[in-house]
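Down below is the structure, laid out as structure tokens.
Bear in mind that the values in this text are calculations on the coordinates, not laboratory data. Here the structure is a predicted model, which means the values were calculated and not measured. We place every Cβ from the backbone using ideal geometry, glycine too, and count neighbours over all the protein chains shown.
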Amino acid sequence: MNQVKLGIIGAGWWAAENHIPVLQARPDVKVSAACRLGKAELSRLQDRFKIPFVSEDYREVLNQELDGVVVCSPHHLHYEHARAALGRGLHVLCEKPMVLHAPEARDLSARVQAAHRHFLIPYGWNYSDLAIKAKENFDQGRIGSIEHVHCHMGSAHRDFFNGLPTWWSENSFFKPQASTWADPAVGGGFLHGQLTHALGLMFYVTGLAPHTVFAFINTFKSGADCSNAISCRFTNGATGSFGGAATMPPRSTYQVDIRIFGTEGMLLMDIERPRLELRRNDGTGGMIPVNQAPGGYSCVEPLHAFVDLIQGKAVENRSSVKIGTRVVEVLDAASRSANSQAVERVSVDFYRRADQENVSKASGSSL
């Protein structure tokens with residue numbers, strides 16, 4: 001394939017800041033079509049990026065001659081747009097959160113498998129040197145079987161999730177749409193806007209599958225969640241504690257701290273103060289050098305991986321629909337648990353083939 005032709009669905013703030021410039025920098029990619037609401041904004045977009053076809057209707061974008069699409073519309077529209085693209089036989093890069101509800105995630109997963117298309121969520125940290133080396137050590141069995149996982153994230157997005165102007169988007173071509181990030185009815189808040197990144201990284205490294213969840217959630221005045229504390233049991237019987245807050249002081253770098261405890265040792269991953277450390281029960285291990293900027297985040301490599309996959313190159317999809325589904329299952333169950341104040345099953349039947357005996361033994365009771 002000489003040139004990959006892509007369409008952009010939901011060409012707003014992040015598409016203009018990251019996705020379109022990164023893709024257009026590749027000579028083997030043509031951004032052929034784009035859609036977003038607002039005729040004036042659409043005209044500005046076309047003038048700046050010289051996109052041949054633009055429309056306010058995503059269906060018209062899908063009617064163009066394309067190899068794949070980048071879905072970066074508001075969160076609650078991801079399912080509709082990704083499903084429609086798969087229905088046209090297109091490869092899909094879908095922004096996080098992949099979708100808002102677990103049944104939608106499982107449906108997309110089934111459609112991806114049936115269509116034999118590539119589907120990627122641009123979790124930037126999954127493509128970092130730290131993530132790759134952490135997974136290599138885990139896959140080599142150096143910490144044994146997982147018994148517990150700790151996953152924390154912190155960010156400086158108090159204004160963002162309150163629907164207020166943000167210090168980091170002052171010079172953006174388009175401003176972030178407040179309702180997308182601050183309205184809980186359409187997926188606004190820390191869970192879907194931030195914690196999804198850390199969970200995506202954790203599920204990439206560990207390959208775990210969630211079983212049951214209990215959560216406490218605090219909210220901003222906007223109604224969007226600002227902090228959360230989540231307990232999880234996985235299908236293999238291991239336990240997990242997830243959570244964090246969007247209330248770090250302005251201009252703070254990201255905090256992501258993931259600790260994986262196993263039968264043979266543990267892995268420690270730190271994004272804020274770049275660190276990957278292996279500690280084994282036999283006394284071996286130590287610090288593993290990583291090429292990682294302190295608290296940094298980049299969403300360039302996932303876009304390159306998406307194009308390379310479409311071209312048939314031997315690259316790894318480190319943020320697949322399977323990983324996206326497991327993240328959505330946790331976030332969906334956490335949201336339900338915060339409302340019900342009860343433990344919520346991730347699924348009644350989706351993980352029916354999981355080892356329920358191990359879960360029961362680990363918990364001391366039948367789940």
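Things worth noting here:
- Straight Cα distances below 22 angstrom link Lys313 to the lysines Lys5, Lys30, Lys133, Lys135, Lys322, with same-chain residues fewer than 8 positions distant left out.
- Distant-in-sequence amide H partners of Val54 (H built 1.01 Å from N, under 5 Å): Ala34
- Within the chain, percent of DSSP bridges classed antiparallel, to nearest 5: 60 percent
- Degrees separating the helix 129-139 axis from the principal Cα axis of the chain, which is the longest one: 40 degrees
- Phi angles of region 52-65 translate, via the Karplus equation with coefficients 6.51, -1.76, 1.60 and θ = phi - 60°, into HN-Hα couplings of x, 10, 9, 7, 8, 10, 5, 5, 5, 5, 5, 7, 7, 7 Hz per residue; Gly and Pro are given as x.
- Nearest 10 degrees, 0 to 90: helix 196-206 Cα axis against the chain principal axis: 50 degrees
- For region 326-333, backbone phi angles converted through the Karplus equation (6.51, -1.76, 1.60; θ = phi - 60°) give residue-by-residue couplings of 5, 5, 4, 4, 5, 5, 5, 5 Hz, Gly and Pro being listed as x.
- When the P(r) of region 290-329 is calculated, the portion above 13 Å amounts to 64% of the C-alpha pairs.
- Inter-label distance, Trp167 to Ser298: 2.4 nm, where each label sits 7 Å from its Cα along the C-beta direction.
- Among Val205, Pro294, Trp167 - extreme Cα towards positive end, dipole of the chain, charges at beta-carbon: Val205
- Among Gln311, Pro103, Ile260 the positive-end extreme of the charge dipole of the chain (Cβ point charges): Gln311
- Binned Cα-Cα distance frequencies in region 4-122 - 5 Å width, integer %: 2, 12, 25, 26, 19, 11, 4, 1
- Around Val31: net Lys/Arg minus Asp/Glu count, Cβ-Cβ under 11 Å: +4
- Estimated [θ] at 222 nm from DSSP helical runs (n ≥ 4, -39500 (n - 2.57)) normalised by residues in the chain, nearest 500: -9000 deg cm²/dmol
- Using θ = phi - 60° and Karplus 6.51 cos²θ - 1.76 cosθ + 1.60, couplings along region 310-317 (whole Hz; Gly, Pro as x): 4, 7, x, 6, 7, 10, 8, 7
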